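Working notes for the structure below.
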Amino acid sequence: MRESVSKPDLVELGLKLLKSMGWYGVAMVEFKEDPRDGIVKLMEVNPRFWGSLELSIFSGVDFPYLLYRMVMDGDVASVTTYKIGVKCRWFLPGDILHFLTNPKRFSMKPSFFDFFERNTKYDLLSFTDPGPTIGFFISFFLNLFNIKKWKYVFRKM
């Protein structure tokens, strides 16, 4: 579960880091607050589109489209505003696997079963665009029954 928030200090810190590296182009700077001491720490600098990209798009910042506009038109105006409080779930397979393996599965916050919360969106699940969900299941079953792949997995164990 991811949620769009406003953290201007982290935006400034991320921009400072990217500028010090002379970075130009797509990148995602990820920070995480350490629950042991409350200090925000750098997790990674990802020099490509990131797995949680859907949250940005649902929040109103379509980075792939902005990159396309840059290629076609040159510089584009910075997007500095977006919807706060938008939540996004990686239901297939992430949330399902987390639920199945978490001993505290029935007391998780937010609850696994909050499927229709108003501001919650889904990475792959969409009634208007079922293609990604269908593709996930095709890929899953093709890999599930791929004998060569399983032989490789067991050989490495």
Checklist line | In region 95-110, residue farthest from Val5 (Cα to Cα) [restricted to those that are in a loop (DSSP other than H, G, I, E, B) and free of Cβ contacts under 8 Å to residues at least 12 places away in the same chain] | finding: Pro103
Next item on the list: For residues that are under 19 Å from the mean Cα position of the chain (by Cα) and exposed (fewer than 12 other Cβ atoms within 10 Å of the Cβ), tally how many sit in region 131-157.
Entry: 2
Notebook entry, point to check: Out of all the residues in region 106-127, which are at pLDDT 85 or above, exposed (fewer than 14 other Cβ atoms within 10 Å of the Cβ) and among the polar types (S, T, N, Q)?
Noted result: Ser107
Margin query: If I ask for residues that are modelled with pLDDT under 80 and either at positive phi or not aliphatic (A, V, I, L, M) (or both), which ones from region 128-148 would you list?
Written below: Phe145, Asn146, Lys148
Next item on the list: Tell me the strands (runs of 3 or more DSSP E) entirely within region 1-94 that contain at least 2 residues that are loosely packed, with under 14 Cβ neighbours inside 10 Å.
Entry: 28-33, 40-46
Notebook entry, point to check: Considering only residues of region 74-102 that are basic (Lys, Arg) and in contact with an Asp or Glu (Cβ under 8 Å, 6 or more places away or on another chain), which is nearest to Arg118 (Cα to Cα)?
Noted result: Lys87
Item checked: Hey, Lys83 in contact (Cβ under 8 Å) with a residue 24 or more places away in the chain, touching a Gly at 6+ places or on another chain (Cβ under 7 Å) and either outside the structural domain of Phe137 (by TED's automatic domain parsing) or closer than 15 Å to Val5 by Cα (or both) or not -> yes
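The values are calculated or read from the model by the stated rules, or taken from the named source; none is laboratory data. Small disclaimer: the values here were computed from a predicted structure and weren't measured. Cβ sites come from the backbone with ideal geometry, for glycine too, and all protein chains shown count toward neighbours.
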